[in-house]
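Down below is the structure, laid out as C-alpha cells.
The values are calculated or read from the model by the stated rules, or taken from the named source; none is laboratory data. Not measured: the values here are computed from a predicted model. Cβ placement follows ideal geometry from the backbone for every residue including glycine, while neighbour counts extend to all protein chains displayed.
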Amino acid sequence: MAELKKTPLNESHRKRGAKMVDFGGWDMPVQYSGIKDEHQAVRTKAGLFDVSHMGELRVRGEGALALLQKVVTSDISTLVPGQIKYGVLCLPNGGVVDDLLVYKLEENDYLLVVNASNIEKDYAWIKENHGDEKAEVINESDSYGQVALQGPLALGILQKLTDTDLESVDYYHFVTGQVAGVEGIISRTGYTGEDGFEFYCSANDVPAVWDAIFEAGGDDVMPCGLGARDTLRFEAKMPLYGHEMTEEITPLETGLGRFVALEKGDFIGRDVLARQKEEGRPRKVVGLEMVGRGIARAGYPVIKDGEEIGTITTGSYSPTFDKNLALAIVGTKQAAVDDTVHVVIRNKEVEAKVVKTPFYRRG
C-alpha cells in the first residue's frame, strides 16, 4: 500500500490535535474541535484551511490561450492579468474530467488550480489534447503550499499581515504580495460561500504563514478540516467532483451553464453541451429538505410516485439551518420546487421536499 502524501502542514495539524484521514491518498485533517464548531466559525468569524493538497498546473507560451480555449468550457480570452475564471474540463461526451480555476498571471502565462485527486489525470488530459499549440504544460503542484482563510472576519485578520490593500482586491481577482513576510499570490476566492482569501506560496514557507494567521486572528480564527469544508460548500451548492459532477454528469446538468461558453467556438464536449442547451438537459441537480428522519447519503435512490427518478449526490446535516439537507440529480421534468419525493434510506422510503438552492447565500 502506497504511503499517504503529506502537505507541508502535516506536523502542524497533529500538534493541534486534528483527526487525520486518508483523503484521496493524502493524510489530511477531517476535523479539529468538531465539524459543527468549525462550520459555524467560518459562517460567523473566520476559519483557516490547509489546501496545499490542491494541484497547480502551469500553461505558458504563445499557444497557451489556444490550448485552454480547447480544453476549458469557459471563455479564457476575456481574462486580464490578475483575474481568475472558473471552468470545467470536459470529455467528448460532455461529462466532466474536473473543475478548475484559471489564473491569468501574464500574457501567455496561466496557472490552473485543480482538485488534488485529479492532478495526474488533468495533467495527462491537457497534454493528450495538446495539438499544434506552442504551449508548455508543467505540473508545479509540489512547489506550492496553499491556505484558505474564510469568513466575515477574514479580511481584517489577513490585513494585519500584509501591506496589500485587500479591500481593493475584487472577488475572483488576485495580486502578488507578501503575507507575514512571505511572497505569494493573494486570491479573493474560496469554497465556503463566505468572503475570504486563498494564499499560494512556496511549500517551504506555508507553515510560517499558517502560524502567523493564527497569531493575528487570536480567538477569531479556528483551524478547520475537510469535514467543515464539505458542509460549507454543500450549503452554498458548490459542486464537488465525484458527486455533483462526474464523467457521466455534464456541467449543464450540474447547473454550471454560465461557465459553458458555447459562443466562443469549438472546445472538447461542445457538441453534446450545445445539443443539451438546445433540447434541454435531461437531468438537473435539485435541493432536498428531509421531512422524515434520516440523512440522505450519496448514492441513495430518490423515488417519486413509486418510480425511481434519481440519486442523491451529497447529503448532510446542515449546521447553519439545523436540518438534514441533500442534493440529488433527477430527471429534469420529474421534480420541481415544493414537490414531495422519498429517499430510500436503509430500505425504507423517507419523505423529503424539493427546495430552492443554494440553501445558503451570504448577505
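Some observations on this one:
- Inclusion of V302 among residues that are in contact with an Asp or Glu (Cβ under 6 Å, 6 or more places away or on another chain) and closer than 26 Å to D230 by Cα is not warranted.
- In the set G265, G306, only one residue is farther than 30 Å from D22 by Cα, among the small types (G, A, S) and in contact with a helix residue (DSSP H, G or I) (Cβ under 9 Å, 6 or more places away or on another chain); that residue is G265.
- Screening R43 on (1) assigned to a helix (DSSP H, G or I); (2) more than 19 Å from the chain's Cα centre (by Cα) shows it passes everything except condition (2).
- When restricted to residues that are assigned to a loop (DSSP other than H, G, I, E, B) and of a type outside the set (S, T, Y), region 7-40 contains 8.
- Where strands (runs of 3 or more DSSP E) sit wholly within region 272-358, those with at least 3 residues that are within 23 Å of the chain's Cα centre (by Cα) and modelled with pLDDT of 95 or more occupy 283-290, 307-318, 323-331.
Listed here are the residues, each with its yes/no results for (1) over 17 Å from the mean Cα position of the chain (by Cα); (2) charged (D, E, K, R).
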{"residue": "V209", "(1), (2)": "yes, no"}
{"residue": "G218", "(1), (2)": "yes, no"}
{"residue": "C224", "(1), (2)": "no, no"}
{"residue": "D230", "(1), (2)": "no, yes"}
{"residue": "R233", "(1), (2)": "no, yes"}
{"residue": "L240", "(1), (2)": "no, no"}
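- Criterion (of a type in the set (V, I, T), more than 18 Å from I249 (Cβ to Cβ) and buried (at least 17 other Cβ atoms within 10 Å of the Cβ)) met by exactly one of V113, V88, V97: V113
- Residues of region 242-264 that turn out to be in a helix (DSSP H, G or I), surrounded by fewer than 19 Cβ atoms within 10 Å (Cβ to Cβ) and either modelled with pLDDT under 95 or within 17 Å of the chain's Cα centre (by Cα) (or both), as a count: 3
- Residue in region 203-213 that is buried (at least 19 other Cβ atoms within 10 Å of the Cβ) and not in a helix (DSSP H, G or I) present: no
- Condition met for E198 (out of contact with any Asp or Glu (no Cβ under 9 Å at 6 or more places or on another chain), of a type outside the set (A, V, I, L, M) and either closer than 15 Å to F49 by Cα or free of Cβ contacts under 8 Å to residues at least 12 places away in the same chain (or both)): yes
- Some residue of region 151-170 being in a strand (DSSP E or B), modelled with pLDDT of 95 or more, of a type outside the set (F, W, Y) and touching a Phe, Trp or Tyr at 6+ places or on another chain (Cβ under 6 Å): no
- When the criteria are applied in full, T311 meets the requirement of being touching a Phe, Trp or Tyr at 6+ places or on another chain (Cβ under 8 Å), under 30 Å from S74 (Cβ atoms), surrounded by 15 or more Cβ atoms within 10 Å (Cβ to Cβ) and without any contact (Cβ under 8 Å) to a residue 40 or more places away in the chain.
Residues checked against (1) touching a Leu at 6+ places or on another chain (Cβ under 9 Å); (2) among the polar types (S, T, N, Q); (3) closer than 19 Å to A18 by Cα; (4) not in a loop (DSSP other than H, G, I, E, B):
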site: D219; (1), (2), (3), (4): no, no, yes, yes
site: P223; (1), (2), (3), (4): yes, no, yes, yes
site: D230; (1), (2), (3), (4): yes, no, yes, yes
site: R233; (1), (2), (3), (4): yes, no, no, yes
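- Matching residues, region 182-195, being in a loop (DSSP other than H, G, I, E, B) and either without any contact (Cβ under 8 Å) to a residue 12 or more places away in the chain or in contact with a strand residue (DSSP E or B) (Cβ under 8 Å, 6 or more places away or on another chain) (or both): R188, T189, G190, Y191, T192, E194, D195
- Residue-level check: of (1) more than 19 Å from the chain's Cα centre (by Cα); (2) buried (at least 21 other Cβ atoms within 10 Å of the Cβ), G151 misses just (1).
- For region 265-304, filtered to residues that are closer than 15 Å to N93 by Cα and among the acidic types (D, E), the residue that is surrounded by the most Cβ atoms within 10 Å (Cβ to Cβ) is D271.
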